[in-house]
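Visitor: My questions will all concern the structure given below.
The values are calculated or read from the model by the stated rules, or taken from the named source; none is laboratory data. Worth saying up front: this structure is predicted, and the values here are computed from it rather than measured. Note: ideal-geometry Cβ built from the backbone for every residue, glycine included; neighbour counts use all protein chains shown.
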Amino acid sequence: MLGVLAGFFVVWCIILVGMFVGRRGILGTNARSVLSALTFFVASPALLFETLGKARLDDVFAAPLLVTAAGAITTAALFFVIVRVLLKRSVPESLMSSMGASLANSANLGIPIAVFVLGDASYVAPLLIFQLAFFTPLFLMALDATTSNHRTTPLGFGLMILRNPMIVGSGLGLLVAGTGWRVPDLVMQPIHLIGGAAIPAMLIAFGMSLNGSRPLQASAGRRLDTLLASGFKLVVHPALAYVFARFLLGMEEQALFAVVVTSSLPTAQNVFVAASRYQTGLTVAKDTVLVTTVVAVPAMICVALLLA
């Protein structure tokens, strides 16, 4: 347990450094976008390639992937019914808020939590792969079908998935793991150094993003939606993951802890990007990302204490 709490302490220390740097403007106005681009396009794919290249495929797929898929889909479906039937929101807005209630920040916060708290970045791989290759495209296709402004073909979605650097890095790493090929040290050393930049850059950018936002404004009229979405993401989603993992698949100890912690991750920033693109659910998307981001680490500490 002390090791888990120490991991959270390290994560929060780097986040606080990011908040300080962002508040003082030390790195300039575009620093957050530059750091985010560095981690997304360069450092994180390198880290995932190195980590997954050493992983056992049975640890990445099978039970963890089943729990990830079942928990996320069930959470999204339950939340969609509530906001559509009880709150009478439109179908596109209901889809967008359901995305916020179930889509986790698997990269910017998921990878650091997996490394420092769970001890291995491969624990977040099932969530990362499921969301990038299936769950996010599924939501985007549904939003395309229910809005008149955007239409994307299945081929376009396929190309979007294949062009994602996280998918490319993960896929190549899994290919190395599956074939048993040992990448030469001369090739792996620069990949290792580049991947080492991913976690600090992610957390510093993440800390910078927490400055200056004011969620849950009454004038927006979506406070209840935001609170429900945040509750589903931080409470219902991990609770469902625990039920599926513990009672249906018989997972225990570290494997159980890992799937519940990764399900407790906050809402992904991609939800706000999608809301901006489709011009629906913007307030709920923005506020859910912020609320869950601020509360997520304390919530995951509670998960660690409950499962200790």
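Visitor: Listed residues Arg246, Arg223, Arg277; which is out of contact with any Asp or Glu (no Cβ under 9 Å at 6 or more places or on another chain), surrounded by fewer than 17 Cβ atoms within 10 Å (Cβ to Cβ) and either within 30 Å of Asn30 (Cα to Cα) or not aliphatic (A, V, I, L, M) (or both)? Step through it out loud before you land on a result.
Guide: Values: Arg246 fails: out of contact with any Asp or Glu (no Cβ under 9 Å at 6 or more places or on another chain); Arg223 fails: out of contact with any Asp or Glu (no Cβ under 9 Å at 6 or more places or on another chain).
Going through Arg246, Arg223, Arg277 in turn, just one is out of contact with any Asp or Glu (no Cβ under 9 Å at 6 or more places or on another chain), surrounded by fewer than 17 Cβ atoms within 10 Å (Cβ to Cβ) and either within 30 Å of Asn30 (Cα to Cα) or not aliphatic (A, V, I, L, M) (or both): Arg277.
Visitor: Please go through the range 233-264 and pick out each residue that is of a type in the set (Gly, Ala, Ser) and within 23 Å of Ile82 (Cβ to Cβ).
Guide: Once the filter is applied, which keeps residues that are of a type in the set (Gly, Ala, Ser) and within 23 Å of Ile82 (Cβ to Cβ), the range 233-264 yields Ala239, Ala241, Ser263, Ser264.
Visitor: I'm trying to understand the selection: among the residues of the range 1-21, which are crowded, with 22+ Cβ neighbours inside 10 Å and either among the small types (Gly, Ala, Ser) or at pLDDT 85 or above (or both)?
Guide: The answer is Gly18, and nothing else.
Visitor: If you don't mind, another one. Of all helices (runs of 4 or more DSSP H) completely enclosed by the range 200-280, which ones contain at least 3 residues that are touching a Phe, Trp or Tyr at 6+ places or on another chain (Cβ under 8 Å) and closer than 29 Å to Ala43 by Cα? Walk me through it before giving the result.
Guide: Details: elements: 223-231, 237-243, 253-263, 270-278.
Because the criterion is at least 3 residues that are touching a Phe, Trp or Tyr at 6+ places or on another chain (Cβ under 8 Å) and closer than 29 Å to Ala43 by Cα, the helices (runs of 4 or more DSSP H) in the range 200-280 that meet it are 253-263.
Visitor: Just checking, which of Leu66, Leu48 is part of a helix (DSSP H, G or I), touching a helix residue (DSSP H, G or I) at 6+ places or on another chain (Cβ under 9 Å), under 21 Å from Arg163 (Cβ atoms) and in contact (Cβ under 8 Å) with a residue 40 or more places away in the chain? Can you show your working first?
Guide: On the way: Leu66 fails: under 21 Å from Arg163 (Cβ atoms).
Checking each option against the conditions leaves just Leu48.
Visitor: Among Phe134, Phe139, Phe130, which is closer than 29 Å to Phe206 by Cβ and out of contact with any helix residue (DSSP H, G or I) (no Cβ under 7 Å at 6 or more places or on another chain)? Before you say what the answer is, go through the steps one by one.
Guide: Details: Phe139 fails: out of contact with any helix residue (DSSP H, G or I) (no Cβ under 7 Å at 6 or more places or on another chain); Phe130 fails: out of contact with any helix residue (DSSP H, G or I) (no Cβ under 7 Å at 6 or more places or on another chain).
Testing whether each residue is closer than 29 Å to Phe206 by Cβ and out of contact with any helix residue (DSSP H, G or I) (no Cβ under 7 Å at 6 or more places or on another chain) leaves just Phe134.
Visitor: Here are some conditions: (1) buried (at least 17 other Cβ atoms within 10 Å of the Cβ); (2) assigned to a helix (DSSP H, G or I). Ala55 meets all but one. Which one does it not meet?
Guide: In the conditions (1) buried (at least 17 other Cβ atoms within 10 Å of the Cβ); (2) assigned to a helix (DSSP H, G or I), Ala55 misses (2) alone.
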